[in-house]
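J.: Take a look at the following structure, please.
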Amino acid sequence: MILGSMMLLASGSSLISGLLKLSDPGLVLAVKTPATSDTGTSAPDADHELVQKLAAAQSAALRSHRTAVRVEAGLEVALALLGLYATAAVLSGDRHGRRLSLLTATLVIVYMIGCLPLYLSLMRDYADRASALLATALQSAGKGTDLSSAELTKNVRAAMIGEPIMVSVAGVVSALILIAFFGGRRGRRLYGLEPGPGPARQNLG
């Protein structure tokens, strides 16, 4: 039940994410701005200007990746639908649930690894254009002041590029958990492919 609930949540989230990216590929590069002061207040004009600059950087970075992002989003939707079907099979006790779960998990690993180069390339382009802007905004907000502008920009760029790697690792680990369960002894016992543990043998010695 726990794995089934996790599959339902992950597949539902992926379906919504894929549909949103199909309608607007720019959503893969969220424009976020840090607060411009530690007091909780911000300078509206400066913040608005930063948002405009980040939006321009987003548009420029996405220009050569837009079609690839739409293709990736279509694949995500298809995989999410398969995941929901597999989840329904698991939760209903269908005999094909194990096979569908293993298939889904395998395809998730292929999908995550296959899409990683796209998002690394996209985030590198975006980081080249936006990391300095975000570093300046952080310093204006009183954050990262112990670092030089160059060091802070480098750290921001590394964090931006590292994000798709972390997402891929999390997806692959989740898929491996499914494979370990449904492909292991517990999964085989659950679907009657292997007898359960019998009564303990009596000690005749």
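J.: Within the range 102-113, can one find any residue that is closer than 30 Å to Arg185 by Cα, touching a residue at least 60 places away in the same chain (Cβ under 8 Å) and polar (S, T, N, Q)?
T.: Within the range 102-113 (the criterion being closer than 30 Å to Arg185 by Cα, touching a residue at least 60 places away in the same chain (Cβ under 8 Å) and polar (S, T, N, Q)), the answer is yes, since at least one residue qualifies.
J.: Show the residue pairs meeting these rules: Cβ distance below 6 Å; 6+ apart or different chains; first residue within the range 60-83 and within 16 Å of Ile113 (Cα to Cα); second residue among the charged types (D, E, K, R) and at pLDDT 95 or above.
T.: Pairs that qualify, where the first residue is within 16 Å of Ile113 (Cα to Cα) and the partner is among the charged types (D, E, K, R) and at pLDDT 95 or above: there are none.
J.: Taking Ser121, is it at pLDDT below 90, part of a helix (DSSP H, G or I), out of contact with any Pro (no Cβ under 8 Å at 6 or more places or on another chain) and over 30 Å from Gly187 (Cβ atoms)? Lay out the reasoning, then the answer.
T.: Details: at pLDDT below 90: no; part of a helix (DSSP H, G or I): yes; out of contact with any Pro (no Cβ under 8 Å at 6 or more places or on another chain): yes; over 30 Å from Gly187 (Cβ atoms): yes.
It is false that Ser121 is at pLDDT below 90, part of a helix (DSSP H, G or I), out of contact with any Pro (no Cβ under 8 Å at 6 or more places or on another chain) and over 30 Å from Gly187 (Cβ atoms).
J.: So, one more: Which residues, taken from the range 67-86, are among the small types (Gly, Ala, Ser) and buried (at least 18 other Cβ atoms within 10 Å of the Cβ)? Before you say what the answer is, go through the steps one by one.
T.: Here is the first cut: in the range 67-86, the ones among the small types (Gly, Ala, Ser) are 68, 73-74, 78, 80, 83, 86.
Passing the criteria: Ala73, Ala80, Gly83, Ala86.
J.: Report whether or not Arg157 is within 19 Å of the chain's Cα centre (by Cα), in contact (Cβ under 8 Å) with a residue 12 or more places away in the chain and over 24 Å from Gly18 (Cβ atoms). Spell out the reasoning first.
T.: Numbers: within 19 Å of the chain's Cα centre (by Cα): yes; in contact (Cβ under 8 Å) with a residue 12 or more places away in the chain: yes; over 24 Å from Gly18 (Cβ atoms): yes.
Against the criterion (within 19 Å of the chain's Cα centre (by Cα), in contact (Cβ under 8 Å) with a residue 12 or more places away in the chain and over 24 Å from Gly18 (Cβ atoms)), Arg157 qualifies.
J.: Can you tell me how many residues within the range 92-112 are loosely packed, with under 15 Cβ neighbours inside 10 Å and closer than 10 Å to Gly4 by Cβ?
T.: Adding up the residues that qualify gives 1.
J.: Quick check on the range 11-23. Is at least one of its residues over 15 Å from the mean Cα position of the chain (by Cα) and modelled with pLDDT of 70 or more?
T.: First, pick out the residues of the range 11-23 that are over 15 Å from the mean Cα position of the chain (by Cα): 22-23.
Then drop every residue that is not modelled with pLDDT of 70 or more, which leaves 22-23.
Yes, the conditions are met somewhere in the range 11-23.
J.: Residue by residue through the range 149-164, note down the ones that are more than 25 Å from Leu103 (Cβ to Cβ), surrounded by 13 or more Cβ atoms within 10 Å (Cβ to Cβ) and not small (Gly, Ala, Ser).
T.: Correct list: Leu152, Thr153, Lys154, Asn155, Val156, Arg157, Met160, Ile161, Glu163.
J.: So, one more: Are any residues in the range 69-105 of a type in the set (Gly, Ala, Ser) and either touching a Pro at 6+ places or on another chain (Cβ under 9 Å) or not in a helix (DSSP H, G or I) (or both), and if so, which ones? Lay out the reasoning, then the answer.
T.: Quick first cut of the range 69-105, residues of a type in the set (Gly, Ala, Ser) only: 73-74, 78, 80, 83, 86, 88-89, 92-93, 97, 101, 105.
Listed by number, the residues that qualify are Ala73, Ser92, Gly93.
The values are calculated or read from the model by the stated rules, or taken from the named source; none is laboratory data. Since we're looking at a predicted model, the values are computed, not measured. Positions of Cβ are backbone-derived with ideal geometry, glycine not excepted, and every protein chain shown enters the neighbour counts.
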